[in-house]
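Please read the structure below before turning to the comments.
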Amino acid sequence: MLIRYAVIATILASLAGCSAEAPAPAATNDDDATVVQTASPDLACEPDNAGITLPDGFCAVLVADELGRARHLDVTEDGDVYIALRESENGGGGIVALRDTDGDGRADEREQFGDHYGTGIDVHDGYLYFGTNETILRYDMTPGQLKPAGEYAVLIDGLPEQRQHAVKPFDFDDQGNIYVNVGGPANACQEEKRTPESPGQNPCPLREWQAAIWRFDANKTGQTQQSDGYRYASGIRNSVAIAWDPASKGLFVAQHGRDSLDTLWPKLFSSEQSRDNPAEEFLKLEDGADFMWPYCYWDTGLDKKILAPEFGGDGEKVGDCDMAPDPLVAFPAHWGPNDLIFYTGHQFPARYHGGAFIAFHGSWNRAPFPQGGYNVVFVPMKDGAVTGDWETFADGFKGEDPLMSPEDARFRPTGLAQGPDGSLYISDSVTGRIWRVIYRGEPTS
């Protein structure tokens, strides 16, 4: 393989009239014979990784800071970065575009545009897609320009406007479909919201249009949920983290679990039980799957799905909850998974290839105990199956430890994206900081 690349490089140089010696070929990975990507030597990492901790051999470049409440982000094949904002203090639009013109990894060109704010952004098939709380918008990308020249078109309109779990993140498959999260705007679908011992509505009316992943045509404008949407999977409380895995050709989400078992049902649950339950579930979706929110949740101690107290559960009763698919991974409770990507690059060591990175925005409801999450974890996977234990990849975002209140967190990781060279980008929703994580190899003594 190496000889083949060297021969090709020499021929191309000759055809171009180049007299210089052909560049050295890239190394290959013995596991899959794929050319290994390397980070540019011009990238200068921050001495303290711009405030976060990473595994040995990794470091972080500070791409940008103080952008606003940054949410999801995406990186183009040319290395331009597009970031969705939840809001902006400077009154600009809800999309920030960044460009690095001198190759040092730091953005020195910036555009801010759009008249909406939201969560969910993706550059796909020549378009820039953006998710507001009620719509999915699409901009024509303008070659060579950082900011699209034209106005947006509305791909999907009329998605439910709701105060809780309002965001509409999305992802695409390889068959021309777009999948949109429509969260359930409730904790447990009680008759009286968040009221102690109020029973659940059975059947829960929110499951008709919400608490589900909906599929649409990625190439057709003017769609509505009622006329054009297809409920792909249901019973999912809220999945801000959603991603298509190209290796297994499957759709995956990480779900935000319910809250407040102890305050709503103090006779059944202690504060410790409420701190530890329910799990944040990493799920593989199949067409027609029902994960049975609000009726059921995954108990971390019992390691199974049990009946929620609003529907007759007592902390042990299973009922019909054994009919719901099990999660691939049950993460600690209340961590708040906000983005998910599958690593398809080859800059990081081989064991990362095909695995999943998940950004946890961090908890707010583990009091009186310290808050948890505020990190990026890695799940080793191959062809859609988990192959080992998950591990913390990036940490230190919360600043102080223990962290008792989310308002005191220095950073909260929210969005993830992969660059064209295999770098991992991470966004923060507190100050709007953007990190670019690169691999430099094992550190030398």
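Descriptive notes on the structure:
- Within the stretch 271-327, the trypsin sites (Lys or Arg not before Pro) that combine a DSSP coil assignment with at most 13 other C-beta atoms in a 10 angstrom radius are Lys317.
- Mean separation of Cα contacts under 8 Å (6+ apart) over length of the stretch 41-439, as relative contact order %: 15 percent
- Across the stretch 158-252, the fraction of Cα-Cα pairs farther apart than 20 Å, rounded to a whole number, is 40%.
- The stretch 56-128 - Kirkwood radius from inverse mean 1/r over Cα pairs (Å): 12.9 Å
- Using every pair of separate Cα atoms, the Kirkwood estimate puts the hydrodynamic radius of the stretch 254-371 at 15.3 angstrom.
- Convex hull volume per residue for the stretch 31-86, taking Cα atoms only, in Å³: 150 Å³
- Here's how it looks for Gly372: its modeled amide H is under 5 Å from those of Ser363, which are all 5 or more places away or on a different chain.
- Reported label for calculated Rg and Dmax of the Cα atoms in Å given (i) 22.6, 82; (ii) 20.8, 66; (iii) 24.5, 84: (i)
- Taking 16 Å as the straight-line reach from the Cα of Lys249, the aspartates and glutamates in range (excluding those fewer than 8 positions away in the same chain) are Asp171, Asp173, Asp174, Glu286, Asp287, Asp383.
- Neighbour-count ranking [beta-carbon atoms within 10 angstrom, fewest first] of Ser271, Ser227: Ser227, Ser271
- Qualifying lysines (Cα of each under 26 Å from Cα of Lys305; at least 8 residues distant if same chain): Lys193, Lys267, Lys284, Lys317, Lys382
- The separation of the stretch 391-438 from the stretch 56-85, counted between C-alpha centres, amounts to 10 Å.
- Ranked by how many other Cβ atoms sit within 10 Å of their own Cβ, fewest first, the residues Val81, Val61 fall in the order Val61, Val81.
- Degrees separating the helix 2-15 axis from the principal Cα axis of the chain, which is the longest one: 50 degrees
- Rounded D (µm²/s) - the stretch 235-286, Kirkwood Rh over Cα pairs, Stokes-Einstein at 20 °C, 1.002 mPa s: 170 µm²/s
- Surface/4 of the Cα convex hull for the stretch 360-445, nm²: 7.9 nm²
- C-alpha center-to-center spacing [the stretch 224-273, the stretch 187-206] in angstrom: 16 Å
FYI, it's all coordinate maths here, none of it is from the lab. All of these numbers come straight from a predicted model, not from anything done at the bench. In this analysis, Cβ positions are derived from the backbone assuming ideal geometry, glycine residues included, and neighbour counts consider all displayed protein chains.
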